[in-house]
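For reference, the structure is listed below as structure tokens.
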Amino acid sequence: MNSLRNVDLNLLVIFEAIYSNGNISQAAKQLGMSQPTISNSLSRLRQTLDDKLFIRAKHGVTPTPKANQLIFSVREALQIIKIGIADGVEFDPVHTERKFKLIIAEPMEQVIMPELINGLPKGSGITFDYFSPLYQNIEESLITGASELAIFLLPPKTPDLRTRILCPLNIVGIVRRDHPRLGKLSAVTKEQIIKESHVVINMEPGKIVNSNKLSMLQTPSRSTVCRVSSAGAIARIVGSTDLFGMVPELFAQYAAKSYGLKIFDLPMEMNTQSMFMIWHVRHASDNGHIWLRNKIQTLVKSASGFEPPD
């Protein structure tokens, strides 16, 4: 590698944009630059680092092993510079242009995203990239900087990750409102639940990323007709069949109107886990990130009524 004195900071910004988008044209659009400028800058960086960095792929470019090795350090350095520049400056959501990259568990999506977007001041330059935890390892994504905040179950103890509780993950039962056996009932027994056919989350190892973090305490023996990858799929299927489903309470409340669902408290405790905000320590003093965390905490508190401990 040539001397680091030859590496222009702007080249690292361009490198990160190409890596994140997987496409030179999209990187140019994100940065407000022309595609030839991006391509020329990439050529300079390739020469400086003595590596192709990106190879043409079907729908854009794919990173080389060298690029994969560099991306964490580059993102770390750019974040440190960004925070350093903004340190002591109050975050102004009205005039700030910033993209927040979020991983949000589907049960919390309807609680957070619409209110977060609708609550932005008119003319704000804040945008959001929202990713599903079905496809991204949360710890890895936060550590590498691919995402900067996750809403999910408590992760294993990982150095440099910080957490804040949002609300308990209360599990409830759902059926369609005109269910032939349960639709007119105000409560269900464990025996009634067992007699029904079920649609469930597929918890087999490797089927869903991060599924190993979910623990069900007293899942009753039941007849499973359908296995799916998300709570949303459970709600959609339950709404148009006679199957019984179990989903987080907050999600059920939002899905009930859309899919014509009846919600039941379960006669057995299913889960004692909670939803958390999770972020890397590099964002601890980032005023924009603090604004985002406080905003999400307020939204979830309003929806759930849960008062988190100090």
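The values are calculated or read from the model by the stated rules, or taken from the named source; none is laboratory data. A quick note: this is a predicted structure, and the numbers were derived from the prediction, not measured. Neighbour counts run over all protein chains shown; Cβ positions are idealised from the backbone, glycine included.
Of note:
- Of all residues in the stretch 14-51, those satisfying the criterion of being under 14 Å from residue 71 (Cβ atoms), touching a residue at least 24 places away in the same chain (Cβ under 8 Å) and among the aliphatic types (A, V, I, L, M) are 14, 18, 45, 49.
- Filter pass, residue 104 being among the β-branched types (Val, Ile, Thr) and surrounded by 18 or more Cβ atoms within 10 Å (Cβ to Cβ): yes
- Of all residues in the stretch 51-68 being at pLDDT below 90 and over 24 Å from residue 99 (Cα atoms), the one that is surrounded by the fewest Cβ atoms within 10 Å (Cβ to Cβ): 58
- Some residue of the stretch 125-134 being part of a loop (DSSP other than H, G, I, E, B), touching an Asp or Glu at 6+ places or on another chain (Cβ under 6 Å) and touching a residue at least 60 places away in the same chain (Cβ under 8 Å): no
- Condition met for residue 238 (part of a strand (DSSP E or B), among the β-branched types (Val, Ile, Thr) and either more than 23 Å from the chain's Cα centre (by Cα) or not assigned by TED's automatic domain parsing to the domain that holds residue 82 (or both)): no
- Screening the candidates 126, 194, 151 for the property of being outside the structural domain of residue 255 (by TED's automatic domain parsing) and at pLDDT below 95 yields one hit, 126.
- Positions within the stretch 241-263 being small (Gly, Ala, Ser) and assigned to a helix (DSSP H, G or I), in sequence order: 252, 255, 256, 258
Residues checked against (1) more than 29 Å from residue 76 (Cα to Cα); (2) of a type in the set (A, V, I, L, M); (3) buried (at least 19 other Cβ atoms within 10 Å of the Cβ); (4) in contact with a Phe, Trp or Tyr (Cβ under 6 Å, 6 or more places away or on another chain):
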site	(1), (2), (3), (4)
271	yes, no, yes, no
294	no, no, no, no
303	yes, yes, no, no
308	yes, no, no, no
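- Qualifying residue in the stretch 69-88 (condition: over 25 Å from the mean Cα position of the chain (by Cα) and of a type in the set (S, T, N, Q)): no
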